[in-house]
Ligand code: GDP
């Protein structure tokens, strides 16, 4: 298939220092189609990769992208590792938990970190995770309205989506949109 070009892009990196927003879970969901109720707390930098076929219409329809994902550690002692992993990253996921206002507020700090250490053309996508917690029976209130996050993303020039690593909703879409933007810049 002439449309099928295989491109590899290193290091879309999953970044947010706040533990427990679901970074690892999003990666596991994307690469393994699984959800772990009790994952090990993130202790270091993990790696997963996934082939995504870009959807059309558009010039990149059918392009197969191999996303290699690094999950950064959540603690200060890994900060130097985190910094070196920004280098060469094509994309960055900024993840917060829609039920935690603090995790959303901290995205600002992370974004500053990304801008300071990542390549200038890095594609960032803001992902509001755990939307399943705010739906159906026993729903808990949202701490971050979708409109607020969308406005922040617009102001900062970030892609934005909401997702649930638990149900899988929006997960592939988030990575797909990041991949499309990365490829669009090549
Ligand atoms: P990380 O520290 O940001 O990598 O977060 P983890 O992936 O370790 O997830 C932290 C906790 O949140 C774990 O107990 C996960 O099972 C839970 N979790 C992650 N994603 C979701 C989600 O989409 N929905 C719900 N309900 N829980 C989630």
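The numbers here are math on the coordinates, done by the rules we state, and not lab data. All of these numbers come straight from a predicted model, not from anything done at the bench. No Cβ is skipped: glycine too gets one built from the backbone with ideal geometry, and neighbour counts run over all protein chains shown.
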Can you name the residue in the range 150-186 that is in contact with a helix residue (DSSP H, G or I) (Cβ under 7 Å, 6 or more places away or on another chain) and part of a helix (DSSP H, G or I) and is also farthest from the ligand (Cβ to nearest atom) among such residues?
156
List the residue pairs whose Cβ atoms are under 8 Å apart, where the first residue sits in the range 161-179 and is closer than 10 Å to residue 130 by Cα, the second is more than 10 Å from the ligand (Cβ to nearest atom) and part of a helix (DSSP H, G or I), and the two are 6 or more positions apart or on different chains.
162/146; 162/149; 163/173; 163/174
